[in-house]
Each structure stands twice: as structure tokens, then as C-alpha cells.
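The values are calculated or read from the model by the stated rules, or taken from the named source; none is laboratory data. Given the structure is predicted, the values throughout are model-derived calculations rather than measurements. Here the Cβ positions follow ideal geometry from the backbone for every residue, glycine too, while neighbour counts run over all protein chains shown.
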Amino acid sequence: MNAQDFSRQWRKSPLGRFALSTPAAGGLSESSAAALREYGLPVTAEPWLRFMEFLRTDDKTAAALKQLGYYPIGILPNGDIICIDKSSDRVMICDHEDLSYTWILNSSLESLYECLMLFDTFIAEVNRKNPRFASDFKIPDGLLKDFEARLTSCDAQAMALKGFWFTEIQALDDNV
């Protein structure tokens, strides 16, 4: 899903656009830079993703991310940093304690946009079929497998590498 389509369809939190004026933004692909600058990312998105232009991090961490070739775009609740790997355009998660430990969120911004929409649609379906989902965490039969198939169709590479979305499926499956 391209950034423009995402920005037209997203109805949750507001989209935050990136100024990309910091030296850390140098080296981003033109397509990623244009998507972030013109359309942005949601300020917040389930599951527990917070996107923002400037991370509240120390200069040492910012310098280390730049040195590693990552451009920070967000954060998880535990402090792990969501970044774009400038060499591959992959959306990665860097462990906040050991920046050299990373795992994949999505293989591109386009697949990130689509996965955010898929997750939003999945949760809406679950809530429609089980109005008590917020309290009992029971996912109606077939929905989780269907969601996993949609994620795999959207970003087979990220799912094959057992990244963020794979882990989310496992966590949801543990609740079933």
C-alpha cells in the first residue's frame, strides 16, 4: 500500500509528517523520504506502536543509530526503537539496550502501511464477532489464521524472518 492510499484510508490517530531536516535523515531512499515527508505515519497505531519524528533519546544513542545507518521513526512501549535501515529500506526494530540487536518489522514502508491497516481491520472483525473481546481476549475461530495469511501475503519476507508481526500472531494465539 503506498503512502498516499494509506493517508486517505487511515481513520485512527492523526498522521505525523517528518521534516527530514536533521542530518540523520541523509541517506534515506527517495521513496521513503517522500512518503515520510508528504504523508507521514500515524502518531500511534496498534499494536502499541508510536511513531514520531524525534525520539527522546540521548545524543549517544542518536549518534549510534546514525553510525549503524538507521533513521529512527518511532518507538515501542519498552523503549525499543523503530527505524528505517537506510541500506535496505527495511523497517527494523533496534533493541534500546543493545542497538546491534535488531529484528524486522516490515520489509518496506509500503508493507508497514498495509500491515497497520490489516491489523486495524483484524481487530475490528474480532470486536464485531466477539463484542467481549476486550475482557475475554477470545478470538473467534478462523480469524487469527486468516489474519496471519493476510500478513504473509502482504509481507512474506518479514513473516518468514519471524519478525514483529510473526511475534504478534504468536502472542495472540497464546491468548486463544
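Counting only residues that are crowded, with 16+ Cβ neighbours inside 10 Å and outside any helix (DSSP H, G or I), how many does segment 1-14 have?
Within segment 1-14, the subset crowded, with 16+ Cβ neighbours inside 10 Å is 1, 3, 6-7, 10.
With the extra rule that they be outside any helix (DSSP H, G or I), the set shrinks to 1, 10.
Number satisfying all stated conditions: 2.
Any chance segment 100-118 includes a residue that's farther than 27 Å from N2 by Cβ and over 12 Å from the mean Cα position of the chain (by Cα)?
yes
Report yes if some residue within segment 103-122 is at pLDDT 90 or above and more than 23 Å from W10 (Cβ to Cβ); otherwise report no. Working first, answer last.
Restricting attention to segment 103-122, the residues satisfying the condition of being at pLDDT 90 or above are 103-122.
When the remaining residues are screened for being more than 23 Å from W10 (Cβ to Cβ), the result is 103.
Yes, because at least one residue in segment 103-122 is at pLDDT 90 or above and more than 23 Å from W10 (Cβ to Cβ).
Just the residues that are of a type in the set (G, A, S) and under 20 Å from W48 (Cβ atoms), please, taken from segment 1-22.
S13, G16 - these are the residues of segment 1-22 that are of a type in the set (G, A, S) and under 20 Å from W48 (Cβ atoms).
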